[in-house]
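The structure appears right after this line, and notes come after that.
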Amino acid sequence: MNRRFRRDVASLEEYYTDLEQEMTKSLDRPGRSAQLIQDRQKKIGLLPDELARKTDDLFKKYSIRLNIKLCGAMLIRTQAVKVLYRLSVGRKKQRLTLIYNPANKSMDPMVCRGCGASTFSINFCRYLHPLCPNCSHECPVCKK
């Protein structure tokens, strides 16, 4: 469709440039009245607008319009495995809950305590708050 559109636009532009050249050459012929020359110049001035309208029409002709409607949905109810994880660094301890999703056979992403975004790349502040990489430079929870 793109190839045909480009081909038609190129031929349309060629046609309008040839038409404009022919109309300007006809102005040079002797025996034309001033009114006829003025009308012809107005017509030559309107050619770019007409070319733009024709190009838009070609674009609409070769465009593809899709209407998408939801035709089905699937609800899967299955057991999930909850993994309790205890994290300790020095004297600080933190409990994390990770969930294994058997539908897609992977762990669900953790939630950043700072912004609430889900992420697989977890960083921790010194008080062991789970953070995404964007929040890891300064913990929004403890401000450190």
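List of remarks:
- Site pair Asp28 and Leu96 shows an inter-label distance of 8.1 nm when each label is modelled 7 Å from Cα along Cα→Cβ.
- Shape call, region 1-44: gyration tensor on alpha carbons, a/c limit 1.5: prolate
- Lysine pairs meeting the criterion (Cα under 27 Å, 8 or more apart or interchain), as found in the chain: 16
- Answer label, with Rg and Dmax of the Cα atoms in Å calculated from the coordinates and candidates (1) 34.5, 105; (2) 15.9, 53; (3) 20.2, 66: (1)
- Between Arg32, Arg77, Arg65, the residue with the greatest mean-square fluctuation in the GNM of the chain (Cα pairs under 10 Å linked by springs) is Arg32.
- Dipole in debye (nearest 20) - the chain, about Cα centre, beta carbon charges: Lys, Arg +1; Asp, Glu -1: 1560 debye
- For region 42-76 and region 15-33, distance of Cα centres in Å: 33 Å
- Ellipticity estimate at 222 nm from DSSP helix runs (n ≥ 4, -39,500 (n - 2.57)) divided over the chain, nearest 500: -13500 deg cm²/dmol
- Placing a label point 7 Å from the Cα of Lys54 along the Cα-to-Cβ line, the residues of region 9-25 whose backbone N sits under 16 Å from it are 9-24.
- Relative contact order of the chain, taken over Cα pairs closer than 8 Å and 6 or more residues apart, is 13 percent.
- For Leu96, the residues whose modelled amide H falls within less than 5 Å of its own, excluding neighbours fewer than 5 places apart on the same chain, are Tyr85, Arg86, Leu87.
Rule-based calculations on the coordinates, nothing more; no lab input. Here the structure is a predicted model, which is why all the values come from computation and not from measurement. Cβ coordinates were reconstructed from backbone atoms using ideal geometry, including for glycine residues, and neighbour counts include every protein chain displayed.
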